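The values are calculated or read from the model by the stated rules, or taken from the named source; none is laboratory data. Given the structure is predicted, the values throughout are model-derived calculations rather than measurements. Here the Cβ positions follow ideal geometry from the backbone for every residue, glycine too, while neighbour counts run over all protein chains shown.
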Amino acid sequence: MEILAHPEAGARRLVAEYGDRLYDTACRMCLDDELAKDLVSRTFVRAIERISLFRGGSTLYTWLYTILFNFWRMERRTQRSEQITFTDELPELPDERPNPAESLAAKADAAAIRDAVALLPAHYRAVTVFRYFEDMSVPEIAKVLGIPEGTVKFRLHKAKKLMRRKLAQTVCASSASNGNGNQT
């Protein structure tokens, strides 16, 4: 492993290769930009300090996400708060469609989905972020979270159900504000 032979160059490569992905995941999980930066920094410090303990039982990517998740879990324990913070700085998805109406509808849909994910309880939000934003498999998520695969599957199922309910409420509220869905 390069980092063992050349610690400084290896650490730079590790950050360059995984920094953005870890940061994006941390932002989605904790919904706080400053906390996300702190969690990613702590993750890299811990990984670099303990790289000699990495045995290759998983990918380096999975190992880093496990460290990140553990720091996030510890942070949540210290806060003991289930409050969700909404920010105006949610990332916008690029939309290359030329039709402005379609573009507006797509942005509204993406915002509704981000809001629905943000409203999930933390343990459901974590599996949702790992599965759908990080494209991790159920076994990878189970390994990162240290829970059985069946629990991951249940949480994904429950998260989808909660999100469907929230999105349905959003659609109903939108229809009601537009005159019960009737456009004039």
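Restricting to segment 128-150, what's the tally of residues that are free of Cβ contacts under 8 Å to residues at least 24 places away in the same chain, among the β-branched types (Val, Ile, Thr), under 18 Å from Asn70 (Cβ atoms) and in a helix (DSSP H, G or I)?
Looking only at that region, the number is 1.
Assuming Lys160 fulfils every condition listed in (1) surrounded by 11 or more Cβ atoms within 10 Å (Cβ to Cβ); (2) at pLDDT below 80 apart from one, which condition is it?
With (1) surrounded by 11 or more Cβ atoms within 10 Å (Cβ to Cβ); (2) at pLDDT below 80 applied to Lys160, the lone miss is (2).
Can you tell me which condition Glu102 does not meet? The list is (1) within 26 Å of Asp20 (Cα to Cα); (2) at pLDDT below 90, and all the others hold.
Of (1) within 26 Å of Asp20 (Cα to Cα); (2) at pLDDT below 90, only one is false for Glu102: (1).
At least 3 residues that are closer than 29 Å to Arg114 by Cβ in each: list the helices (runs of 4 or more DSSP H) lying fully within segment 1-73 that qualify. Show your work before the answer.
On the way: elements: 2-5, 7-30, 33-49.
In segment 1-73, 7-30, 33-49 are the helices (runs of 4 or more DSSP H) which contain 3 or more residues that are closer than 29 Å to Arg114 by Cβ.
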